[in-house]
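Let me give you the structure first, and then I'll get to my questions.
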Amino acid sequence: MRYDLSTLPLQTLVTPVATATAALVRLDERLNRSDLREGCISRTDFADACASLWIDGELVHLEDLVLHDAGMGIRAPTHELTIAQDVLRTRRRISSHPPGWALSPDGLRSLRGRGGGNDAATPPAPLAEGEAFGESITEDDDPLAKELAEMDAVLARSEAVLSGALRPSQLPRQERAPLVYEPGWDEDERLEEWRAILIETDGLPAALRAVLLLDAWNQLQVLQHAPWLGRLLAASLLRKADITIAHLVAVNLGLKNVSRERRASRDRNTRLLAILDGIGMAAELGLKEHDRLLLAKQQMRRKLDGRRQSSKLPKLIELVLSRPMVSAGMIAEALDVTPQGALKIAGELNLRELTGRGRFRAWGII
């Protein structure tokens, strides 16, 4: 399958590209000068992750993702929630690396879970069977001790894999299950074709290049089970081009406000215009969210008048501004207070209670 760039309707895309670029630059400049930047980015990451699942036809509640990310989920995570957590972590990884990392060969390998040279430190020697945390099993151990030691060994190897401490060559190779992965689906070949488009579009305006790469990713269907990665790579390209310096564009959040008929149209020009509109909407939503948080912060700051310097209210304000919602457990952990103290301090700030329940309560800015 070949993505043809020869029939690209440049004349009809010039104005939408300029409009979307101007909106992104305006939002980025606002965030770059604002002391609410970190809070806005954190809240946007959660909203964009949920919007990514929505675009792919799944539903994840924002509250569930916030609690799951904080390790305070009240029920077992669903498959959709796990994917949303992957999107959230990937956004954070891309933001924490240099602008061009995600589109580099090492970055793409790492984001695909194939290992990356920039993420891993010098790997230690692989753990021996039955060895964990510097301890080994001896023949004199009783059966229970052996079972516990073997469990420790499995946990240690899992930690090493998750932290990237082991080289890909040290990991056991397993064949992909044909019920999950289509055998004839060559992801490497499709990715190389997509990277060829990345090189071929060099020199075009950054916003136009980003929408072309995103449309090509969708049409080529590069990864079977990670269509959402293409949207993050498009946002990364805008960051690499210095269109957005202070934040990573919430492409999913913007596309959520574009009709599916336009996003999935058979006409490429319609799809490109839809993506450009989505990017512009993402910038507009970001500006509105920043202004809303700025107003909320000014109102909550009034509660600090006459408070002692040791008051924990300032920390609570920062926590509320950085999360779409906070629970009593999250407040207690962040402020190092008891659950009862968390309920009391949340009442002093007059936050909006979101659940309407007496046992499990959560607050946020509406």
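Residue 256 accessible area, nearest 10 Å², 1.4 Å probe?
The accessible area of residue 256 comes to roughly 90 Å².
Okay, next question. Starting with the highest mean, order 231-240, 283-292 by the number of other Cβ atoms within 10 Å, averaged over the residues of each peptide.
Descending mean neighbour count gives 231-240, 283-292.
Determine the distance separating the Cα centre of the stretch 46-89 from the Cα centre of the stretch 244-296; give it in Å without decimals.
The stretch 46-89 and the stretch 244-296 have Cα centres separated by 20 Å.
Once you order the gyration tensor axes a ≥ b ≥ c over the Cα atoms, which shape class does the stretch 286-356 get: rounded for a/c under 1.5, otherwise prolate or oblate by comparing a/b with b/c?
Values: a/c = 1.90, a/b = 1.27, b/c = 1.50.
Since a/c reaches 1.5 but b/c is at least a/b, the shape of the stretch 286-356 is classed as oblate.
The values are calculated or read from the model by the stated rules, or taken from the named source; none is laboratory data. Note that the coordinates shown come from a computational prediction; the quantities given were computed from them, not determined experimentally. We place every Cβ from the backbone using ideal geometry, glycine too, and count neighbours over all the protein chains shown. Calculation scope for accessible area: heavy atoms of the full protein, side chains included, ligands and nucleic acids excluded. Shrake-Rupley method; radii C 1.70, N 1.55, O 1.52, S 1.80 Å.
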